[in-house]
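The values are calculated or read from the model by the stated rules, or taken from the named source; none is laboratory data. Computed from a predicted structure; not experimentally measured. Cβ coordinates were reconstructed from backbone atoms using ideal geometry, including for glycine residues, and neighbour counts include every protein chain displayed. Calculation scope for accessible area: heavy atoms of the full protein, side chains included, ligands and nucleic acids excluded. Shrake-Rupley method; radii C 1.70, N 1.55, O 1.52, S 1.80 Å.
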Amino acid sequence: MGAERSRAGGGLPLRKSLLVRLLAASITIAVCSVAATAWLAARTTTSAIQQEQGQVLADDAQIYDTLIGYAAAHRDWSAVTPTLKRLTGRTGRHITLTTQDRLPIATSGPAAPLPTRASALLDPLRADPALLPGVKADGIDPRAVGPYRLPKAERAELVGRVDKVRACMRGAGYPVGVTEEPSGRSALVVGGDNSTQRKASEVCGLYVLDDPTTTEKRALDRLNTLVAGCLRRQDLGPVSVDLSFAPVGKDGEAVQRCVDTARREQLAPYVAPAALLFVATPAGSAAPPGFDLSSANTGRVAGVAALVLVLTVAVTVTVGTRLVRPLRALTDAARRPAQQHLRVPVTSDDEIGRLAAAFNDLAERRERVEGQRKAMVSDVAHELRTPLSTMRGWLEAAQDGLAVSDEAFVASLLEEALLLQHIVDDLQHLAQADAGRLRLHPEPLRLRELLDHVAAAHRGGAETAGVTLTTCIEDTPVLHADPARLRQTVGNLLSNAVRHTPPGGTVTLRCRRAADEILIEVADTGTGIAPADLPRVFDRFWRADRSRSRRTGGCGLGLAIVRQLTEAHGGTVSVTSTPGTGTVFRLRLPVRP
């Protein structure tokens, strides 16, 4: 089967082709490695950029929050420089504050040219809620308390109230915590839902903590006066404002605007004036360094690329090793001594698999040819030894005076010499055929006349053996063949058939046309050939008689010569046999040369 598959031709499906697999593996590895490197590098770079941008935004938010808080707690910027330096040491950014007219106020380091655009406007009364989550929609920083800041005495009084209420609530089993607002006011934070808070307020009088202190009352009175003036200018009725800075009794945008305006007017004397904030890199650029990767993130990207490279190399080495392994097995097997005839496993159906199958087929044929060569040498030695031994025996007897050199003596030596000549001639014919030097001299001939002549030549021997030789020859077209070689071929078959047919048997020579071929059959009613021996009948020196006896004649080369001569004519020879019934040899010769 291996030989048949190896000789099946180059019709290998593309999906099984080694070249296609190599190209597919290389392209797949290249695409996967490039895609993986690009994806991982992009993800890592994006993550690194986002991380650094997030850090920059966090630093900017921290700078903004700290300076807004400073402005909310101070009336001016005169002492802000230490704060700026602390922020620069923490974030690595260069910070500059100017007035809204770009006049310098303070800087965290050496003076540098200002960027075209400011990073932000520092105004605690108009803070950016996006940067300060604690700031409400009105934009007023809750740390800007101004006149609402409580003195120590009032703070202590409030602490006393808070402690009493907290003790009551803890005794009632309510969860409670204490916070301190920027103004210094202490407040309780009651856990649970709204119903729990209402119950706690009813039980322990939580509402008493909402009463404003003396300082807060004065500030609220001033605020309500400012709100009333704003509402009168807009022909709106008066409203009151409590510590939550929400209008009581009337809603609306106009009312809320008046409250916000009044609060800014009330707090303005207590906070620092608005200032422009410039945040830049140490080199002076206002652009954030988010796209300038740090050494750590650069190392991560390089590490990801190195990991993909290692994986790509590992996959390539693995695929290459699997592809090279059968080639190494073939190389090792080819380097072994020729006498071992090693086989290699066939693990695939690609070019390498077919090469392995062809190698195994070659090793099998070499082993078979080697066996045939050894057998042929033994057979030739055996076939030549017998006549030579006979001739030597007769000659030694004549030399010793034991045999008389008469006509019978000479005839016996001549018979043995002719046998030797016959064997040598047959071997020469086979050698010429093997070397491709067997010369044919084809000519047009009528097959009926040739076969009748061959049958007549063998009829006398058949009658002597008690075998009936019959012919059945139909008219056939003129055949181009070598008459001498064709007579030799048919004569070998007839002599072989007569030799293996017992007395009383029949040998039949038939000839007819079958399509574009001439079919010549030699059938006998002999002992037949065992099925196991049929594949070997055309082997050289093979005889069904295992004892090599020459009682029936022949040296085992006749059928081998028949096959060689038939193939030289472009034909084929085959045999069918039934043990105990007979054997049929068929020659198929093409009509056209």
- Message: Just to be sure I understand, how many residues within the range 164-178 are modelled with pLDDT of 80 or more, open to solvent by less than 60 Å² (accessible area, probe 1.4 Å) and out of contact with any Cys (no Cβ under 8 Å at 6 or more places or on another chain)?
- Response: 1
- Message: Condition first: of a type in the set (D, E, K, R), open to solvent by 50 Å² or more (accessible area, probe 1.4 Å) and closer than 28 Å to Leu267 by Cα. Now tell me which residues in the range 154-163 satisfy that.
- Response: Arg155, Glu157, Arg161
- Task: Evaluate the range 472-479: report whether one residue or more is part of a loop (DSSP other than H, G, I, E, B), within 60 Å of the chain's Cα centre (by Cα) and of a type in the set (A, V, I, L, M).
- Result: no
- Task: Kindly indicate which of Val319, Val369, Val324 is β-branched (Val, Ile, Thr), at pLDDT below 75, assigned to a helix (DSSP H, G or I) and within 30 Å of Leu420 (Cα to Cα).
- Result: Val369
- Filter pass, Gly89 being exposed (fewer than 12 other Cβ atoms within 10 Å of the Cβ) and modelled with pLDDT of 70 or more: yes
- Task: Could you grab me the full set of residues in the range 108-153 that are part of a strand (DSSP E or B) and open to solvent by less than 40 Å² (accessible area, probe 1.4 Å)?
- Result: Ala120, Leu122
- Task: Of the numbered conditions (1) within 19 Å of Arg459 (Cα to Cα); (2) outside any helix (DSSP H, G or I); (3) modelled with pLDDT of 85 or more, Leu486 fails exactly one; give the number of that condition.
- Result: (2)
- Task: May I ask you to list the residues in the range 574-593 that are of a type in the set (Lys, Arg) and more than 20 Å from Ile561 (Cα to Cα)?
- Result: Arg592
- Task: Starting from residues that are modelled with pLDDT of 85 or more and of a type in the set (Val, Ile, Thr), keep the ones in the range 250-273 and report whichever is surrounded by the most Cβ atoms within 10 Å (Cβ to Cβ).
- Result: Val271
- Query: Of the residues that sit in the range 440-471 and are open to solvent by less than 50 Å² (accessible area, probe 1.4 Å) and small (Gly, Ala, Ser), which one is nearest to the chain's Cα centre (by Cα)?
  - Reply: Ala455
- Item | Hey, Gly184 more than 26 Å from Tyr270 (Cβ to Cβ) and either touching a residue at least 40 places away in the same chain (Cβ under 8 Å) or not hydroxyl-bearing (Ser, Thr, Tyr) (or both) or not | no
- Could you tell me which of the residues Leu395, Leu414 is open to solvent by 80 Å² or more (accessible area, probe 1.4 Å), at pLDDT 75 or above, closer than 29 Å to Asp539 by Cα and not charged (D, E, K, R)? Leu414
- Is it the case that the range 158-169 has a residue that's at positive phi and over 60 Å from the mean Cα position of the chain (by Cα)? no
- Message: Between Glu52, Glu4, which is outside any loop (DSSP other than H, G, I, E, B), modelled with pLDDT under 90 and surrounded by 17 or more Cβ atoms within 10 Å (Cβ to Cβ)?
- Response: Glu52
- Give the residue, chosen from Ser574, Ser495, that is out of contact with any Cys (no Cβ under 9 Å at 6 or more places or on another chain) and modelled with pLDDT under 90. Ser495
- Candidate set: the range 486-542, residues that are among the acidic types (Asp, Glu) and more than 18 Å from Gly466 (Cβ to Cβ); chosen: the one most open to solvent (accessible area, probe 1.4 Å): Asp516
- Task: Provide a single number: the residues in the range 444-471 that are of a type in the set (Ser, Thr, Tyr) and assigned to a helix (DSSP H, G or I).
- Result: 1
- Item | Verdict on Leu509 being within 16 Å of Ile561 (Cα to Cα) and in contact with a helix residue (DSSP H, G or I) (Cβ under 6 Å, 6 or more places away or on another chain) | no
